[in-house]
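Just below is one structure, and these are the notes that go with it.
The values are calculated or read from the model by the stated rules, or taken from the named source; none is laboratory data. What you see is a predicted model; the values in this text were computed from it and never measured. With ligands, DNA and RNA removed, areas are computed over all heavy atoms of the protein, side chains included. Shrake-Rupley method; radii C 1.70, N 1.55, O 1.52, S 1.80 Å.
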Amino acid sequence: MLLGRKTYDIFAAHWPHQTDAFADTLNAMPKYVATRSPRPLDWTNSHAIGPDAVSAVRALKAEEGPDLLTQGSSGLIQSLLKADLVDQFTLLVFPLVLGRGKRLFHGEAAPAGLQLLGSRTTDPGVVVACYERAGEVSSGSFAMETPSEDEVKRRADINGEQELSR
């Protein structure tokens, strides 16, 4: 597991105190923490990777071993996206609107095409969609080769409005 320090602190205060199979799995797995803090990492199997997460993740990805999994850790994810180090996304879309929040993708994320590997919807309505990198960004258009009469009129109306505003 690869975590930023804030998410690590939240998880470390919770999961070591749980007694189910999921907690046992989390507690046993190696945890790599991007942190500048000198505070110790007391959760079993936790390792600081230091403040240069990008270099550390490149090195971890070059090693043999299981895939790295990141949860939460929005600051860390932004750094990894900017460095083009994210290979797969599992996105959970919850059926609620809270208003403003943190953006997962913003202007510094490396553009990339994605391919849907699979999706499912849970009983409470959470959509779980898994994507992998699929090369360059490709875009398309709904524009017709020959515009309809309505489209020609719409364009003329826009041009006329632009002329009036000058």
So what is the accessible area of the chain per residue, in Å², with the probe set to 1.4 Å?
73
Hey, any idea what % of the chain's accessible area is carbon plus sulfur with a 1.4 Å probe?
54
Nearest-ten-degree value, helix 149-165 long axis tilted from longest Cα axis of the chain:
90
GNM of the chain, Cα pairs under 10 angstrom: of 63, 145, 136, the biggest fluctuation goes to 145
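May I ask you to derive the relative contact order of the chain, considering only C-alpha pairs under 8 Å and at least 6 residues apart, and to give it as an integer percent?
Details: 191 pairs, mean separation 28.1, N = 166.
Dividing the mean separation by the residue count of the chain yields 17 percent.
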Using the 2.2 N^0.38 Å rule of thumb for compact globular proteins, work out how the chain stacks up: its C-alpha Rg over that value, please.
1.46
Give the cross-link partners of residue 61 among the lysines, using a straight C-alpha distance below 22 Å as the criterion and excluding same-chain residues fewer than 8 apart.
31, 82
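For every helix of n ≥ 4 consecutive DSSP H residues, a contribution of -39,500 (n - 2.57) applies; sum these over the chain, divide by its total residues, and give [θ] at 222 nm rounded to the nearest 500 deg cm²/dmol.
Working: 5 runs with 54 residues, N = 166.
Result for the chain, helices only: -10000 deg cm²/dmol.
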